[in-house]
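Contents: one structure, followed by commentary.
The values are calculated or read from the model by the stated rules, or taken from the named source; none is laboratory data. Keep in mind that what you see is a predicted model, and the values were worked out from it rather than measured. Because the Cβ atoms are built from the backbone with ideal geometry, glycine has one as well, and the counts that use them run over all protein chains shown.
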C-alpha cells in the first residue's frame, strides 16, 4: 500500500510557510497536505493558494476534516490549547518546540495526547542534519574517545518589532534562550548523553524588549563532560557562524553553520589514536583533519517523514514527545539559575518522559 498521512497545518504563516510546508510536508514520500489554518485570514488564504490546498477559517473547521495529523506551528503560548483540541478531535500532533510555555504545559500536552490515544512529537529537525548524524556515528563508534567538552552556538539579529511574541514573556516564555537553546541542548544530549546541571546567565545586552536578548549556559553531562551553549538575539546574522564543537580524549569534531534552518554547513574531524603519549612541544599543524561530506538531506522533510512513518507503522512517538518535555526541564533550570546565580540540577526523566 502507498498510503500517506493526511496533514493539516495549524498556524500557516511563519516557519510553516517558509520551511515546513514547502520543504517538509509537500515533498515527503509518505505525507499529503490537505488543509491549512491560521489566525490571519489573508495570510492563510495566500498560503492555501500558494500550495494548492484547502484553506479553512476556523480551527474547529480544520479539526473536523479527515486528517490523520496536524502540525502545530503557532506561537508558544498557543501550543498547549491547540494540542489539547487536536488530540480531543483524534488527530496526532507534531508540535514545534518548545512544547508550550513551561514544564507544566508540556506535561499537559503529553497527557492530553496519551488520554486521547494519539501520538505527540516534537519538531527538533536539526538532529536529522546529515553532518550531525555523521558526527553521532563517529561518537558511537568510539572515534572521539571519552567525551570532554561540547559547545553549541545559535544566534541571530532580532531587533525590536511591534507585537513580536518572542519579545513578550507571557507569549514566548522567554527570549533568546527559550527560542534558540532548545535545539542546542537537544543536539548536545544526542551526542554526549543527558545533562545533569546548568549554570546560566541572561542579559539585555543590546535590545530593550522585555525578554532577554542574550543567554549563555555552562552545563555538565552525566558522564562528566562539560558544555557551553550561547544564544543571542543581538548578534548580526553573518557575524555568528553557529559553531558546533565536540571534544573527546581522542580528538574533536568541529562544525560551522550546521546549527540552523538549512541543510548545509561544514564539519571537520581531528581524530587520533588513544595510545599517543605526551607532547611537550604542544605542536598543532595548520592543516589536516578529515572533512566530512555526507549527502545533504532536508531536515524538515526528514522530520515529517519520520513522524509520518511512525504513524503508518503503528509505532508510538513517546521518545520524541519526551525530548520536548526534557527540553522544558532544562530551559526551566536555566532560567532558575539565571535568577538565583546558582547552578541548578536537572531531574532525570522516566522511560515515558514524566
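Structure notes:
- Where a residue in segment 146-175 is within 19 Å of residue 104 (Cα to Cα) and its partner, wherever it lies, is outside any strand (DSSP E or B) and modelled with pLDDT under 95, with Cβ under 9 Å and at least six apart: none
- Subset of segment 110-123 (residues that are without any contact (Cβ under 8 Å) to a residue 40 or more places away in the chain and either in contact with a strand residue (DSSP E or B) (Cβ under 9 Å, 6 or more places away or on another chain) or part of a strand (DSSP E or B) (or both)): 112, 114, 118
- Residues in segment 52-80 that are more than 24 Å from residue 122 (Cβ to Cβ), assigned to a helix (DSSP H, G or I) and touching a strand residue (DSSP E or B) at 6+ places or on another chain (Cβ under 9 Å): 61 alone.
- Verdict on residue 305 being out of contact with any helix residue (DSSP H, G or I) (no Cβ under 6 Å at 6 or more places or on another chain) and buried (at least 18 other Cβ atoms within 10 Å of the Cβ): yes
- Residue check, residue 96 out of contact with any strand residue (DSSP E or B) (no Cβ under 9 Å at 6 or more places or on another chain) and under 28 Å from residue 173 (Cα atoms): no
- Scope segment 281-301; condition out of contact with any helix residue (DSSP H, G or I) (no Cβ under 9 Å at 6 or more places or on another chain) and either under 26 Å from residue 25 (Cα atoms) or at pLDDT below 90 (or both); matching residues: 281, 282, 283, 284, 285, 286, 287, 288
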